[in-house]
């Protein structure tokens, strides 16, 4: 596999049992996502976006076919190895932020580093960098309950990128945000993508997000119906 | 460290729920210590009283003596072996003669044991010196229970009847010279203490005894005798058996308390797995293994036990200390317990009991916390992130 290809799926299929029958969530997915891409999986609700992200993030496994992420075959990973892969190489951003309510902003961002057994000095430097990127250094002591939706998502972004993962997976990151916050979040992620060269993969059906993507993978009924790349972002290339 | 930190924060975040669990657990912790301390205090107090008043350093029994078979008592006496006589002469032992008899307080007959003891002995804590009178009438001591049951008082004359060594019935009036306050029912109920020499004379058993009680305060060489030696442990066996049977009740009580406390912990953990599915999913997404997530929840449960012990120590230990000082006043019918306890029971809380109970509470809490968490092993991260149960 090409060194620059971080994510590769071949004839990947995912089915879920639905009573007596099965629901095909993903069907014959063949994708390659390269290092540093800012790609979006776009499609309506139920098209399989989150399922695809979950498999890439080693939270789930394909029913058939293969998914190779950072050289690891997802369907062959043990629970422990999958956890290690997520711990070291993948950052997650969720639609509902999923911050740990008992930790403050600083501690939420610090959490992935604690799992990596970094020293306190190293952690502090990385956490403050991440908070600077998302412009929340002054809210380090705040609790998640004291933050707005936009701020919470920025904390979630900081938590996802603090360990400088090779892949950041964002599941509908702007779905719970207003337009201004959405644009702010997307600009932040775009900047981070350029700065730390992490690969960003979004699932979204939000037009605001789509305008920022450098690559748009369209899913419909579990199938890739379109896969378009742009030199810059869609703002500069017009709406495809 | 992360596990501990997260567990502690989660507990603090849970607020009132944590404190309710902790308080219930601390009650259970203290109740266990209290019941066990009372039992241990009862055991020690009774053993001490029995040793002081009856057992001393052990007893040599006439081979025919069997305290559980009154029919053999008639034959359970004999000349004191020479090696024991030497001990008696050195004030290291004292002989006791026991024969069966009857007493007629208020004209009613009651079967009693007539026990002869040396009035000047100091081996057992019986006020035998009251028997050393120059009176023509035979002096006698009875215990407070015996006095209560028979209505006899100091100065009363009462008729006793007995059979001498040849089986001949004889009777005589005795005078109650002292009513001893004792907590030991086995030297009290149905017993009349007479001067040894006088009883030997009445029963025509001169120089004979049923048992020789060894001093408990002197270091004595091992003595072999034709009379079998009953050591302190053997003589306290009945007491220990009785305390053990009573401890069953307290064990059931504390098991019940522990069960209720553990039910609260179990319930909390079961609810946590449901309520905190999304958090569990997030932790997995951040790279925690299932077992590490389980360890966080288990540590949370275990901390309940640790905090309960600490909280229990703060409010409970001063109470327990006060208890050990002032004792527990016992109801007047304490005699029905069947063994020696005074008017107050002083509980004993040895460090081993406190540490052992603390350890038990912490271990059981941790185990009970862990049991419901096995659901997490089956929980898919994707389902957990959606907040769904499986």
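Can you name the condition, by its number, that residue A:140 falls short on among (1) closer than 25 Å to residue A:208 by Cβ; (2) more than 14 Å from every other protein chain (Cβ to nearest Cβ)? Unmet for residue A:140, out of (1) closer than 25 Å to residue A:208 by Cβ; (2) more than 14 Å from every other protein chain (Cβ to nearest Cβ): (1).
Considering only residues that are buried (at least 18 other Cβ atoms within 10 Å of the Cβ) and in contact with a helix residue (DSSP H, G or I) (Cβ under 7 Å, 6 or more places away or on another chain), which ones fall in segment A:185-205? Break it down into steps so the answer makes sense when it comes.
Initially, segment A:185-205 is screened for residues buried (at least 18 other Cβ atoms within 10 Å of the Cβ), giving A:185-186, A:188-189, A:192-193, A:198-204.
Answer for segment A:185-205, where residues must be buried (at least 18 other Cβ atoms within 10 Å of the Cβ) and in contact with a helix residue (DSSP H, G or I) (Cβ under 7 Å, 6 or more places away or on another chain): A:185, A:186, A:188, A:189, A:192, A:198, A:200, A:201, A:202, A:203, A:204.
With the condition kept exactly as written, say whether any residue in segment B:209-225 is loosely packed, with under 14 Cβ neighbours inside 10 Å, away from chain A (no Cβ under 14 Å) and in a helix (DSSP H, G or I). Scanning segment B:209-225 turns up no residue that is loosely packed, with under 14 Cβ neighbours inside 10 Å, away from chain A (no Cβ under 14 Å) and in a helix (DSSP H, G or I). Do you know which residues across segment B:350-379 are surrounded by 17 or more Cβ atoms within 10 Å (Cβ to Cβ) and within 14 Å of chain A (Cβ to nearest Cβ)? Of everything in segment B:350-379, those that are surrounded by 17 or more Cβ atoms within 10 Å (Cβ to Cβ) and within 14 Å of chain A (Cβ to nearest Cβ) turn out to be B:376, B:379. Figure legend. Inter-residue proximity from segment B:273-285: first residues within 10 Å of another protein chain (Cβ to nearest Cβ), second residues surrounded by fewer than 19 Cβ atoms within 10 Å (Cβ to Cβ), beta-carbon distance below 7 Å, spacing 6+ or different chains. Indicated pairs: B:278/B:387. The residue of segment A:105-131 that is nearest to residue A:163 (Cα to Cα), among those that are assigned to a loop (DSSP other than H, G, I, E, B) and more than 10 Å from chain B (Cβ to nearest Cβ), is A:118. Note on segment A:90-104: residues that are at positive phi and at the interface with chain B (Cβ under 9 Å from one of its Cβ atoms) total 1. Scan segment B:1-29 for residues that are within 14 Å of chain A (Cβ to nearest Cβ) and either buried (at least 19 other Cβ atoms within 10 Å of the Cβ) or in a helix (DSSP H, G or I) (or both) and the total you get is 15.
Looking only at residues that are in a loop (DSSP other than H, G, I, E, B) and modelled with pLDDT of 85 or more in segment A:212-240, which one is farthest from the chain's Cα centre (by Cα)?
This residue is A:221.
When residue A:8 is tested against (1) within 11 Å of chain B (Cβ to nearest Cβ); (2) surrounded by fewer than 24 Cβ atoms within 10 Å (Cβ to Cβ); (3) within 20 Å of the chain's Cα centre (by Cα), only condition (1) is not met. Among the conditions (1) part of a helix (DSSP H, G or I); (2) at positive phi, the only one that residue A:151 does not satisfy is (2). Condition first: within 14 Å of chain B (Cβ to nearest Cβ) and more than 30 Å from residue A:47 (Cα to Cα). Can you find one or more residues in segment A:160-174 that meet it? Yes - at least one qualifying residue is present in segment A:160-174.
Against the condition modelled with pLDDT under 85 and either more than 14 Å from every other protein chain (Cβ to nearest Cβ) or closer than 30 Å to residue B:153 by Cβ (or both), how does residue B:71 come out, does it pass? Yes, satisfied.
When you look at residue A:38, is it in contact with a helix residue (DSSP H, G or I) (Cβ under 9 Å, 6 or more places away or on another chain) and within 9 Å of another protein chain (Cβ to nearest Cβ), yes or no?
Considered against the rule, which asks whether it is in contact with a helix residue (DSSP H, G or I) (Cβ under 9 Å, 6 or more places away or on another chain) and within 9 Å of another protein chain (Cβ to nearest Cβ), residue A:38 comes out as no.
Considering segment A:101-121, and only residues there that are touching a residue at least 12 places away in the same chain (Cβ under 8 Å) and over 13 Å from residue B:2 (Cα atoms), the residue that is surrounded by the most Cβ atoms within 10 Å (Cβ to Cβ) turns out to be A:109.
Give the number of residues within segment B:76-104 that are part of a helix (DSSP H, G or I) and within 34 Å of the chain's Cα centre (by Cα).
The initial filter retains those residues of segment B:76-104 that are part of a helix (DSSP H, G or I), namely B:82-89.
Still in the running and within 34 Å of the chain's Cα centre (by Cα): B:84, B:87-88.
Number satisfying all stated conditions: 3.
If residue A:145 passes every condition in (1) within 14 Å of chain B (Cβ to nearest Cβ); (2) out of contact with any strand residue (DSSP E or B) (no Cβ under 9 Å at 6 or more places or on another chain); (3) surrounded by 15 or more Cβ atoms within 10 Å (Cβ to Cβ); (4) part of a helix (DSSP H, G or I) but one, which one does it miss? Failed condition: (3). Does at least one position in segment B:30-45 carry a residue that is over 30 Å from residue B:168 (Cβ atoms), surrounded by fewer than 19 Cβ atoms within 10 Å (Cβ to Cβ) and assigned by TED's automatic domain parsing to the domain that holds residue B:156? No, segment B:30-45 has no match at all.
In segment B:151-171, how many residues are part of a strand (DSSP E or B) and surrounded by 15 or more Cβ atoms within 10 Å (Cβ to Cβ)? Walk me through it before giving the result.
First, pick out the residues of segment B:151-171 that are part of a strand (DSSP E or B): B:157-163, B:169-171.
So of that shortlist, the ones also surrounded by 15 or more Cβ atoms within 10 Å (Cβ to Cβ) come out as B:158, B:160-163.
Total meeting the criteria: 5.
The values are calculated or read from the model by the stated rules, or taken from the named source; none is laboratory data. If you're wondering where the values come from, they're calculated on a predicted model, not measured in any experiment. Counting neighbours? That spans all protein chains shown, and the Cβs are built from the backbone with ideal geometry, glycine included.
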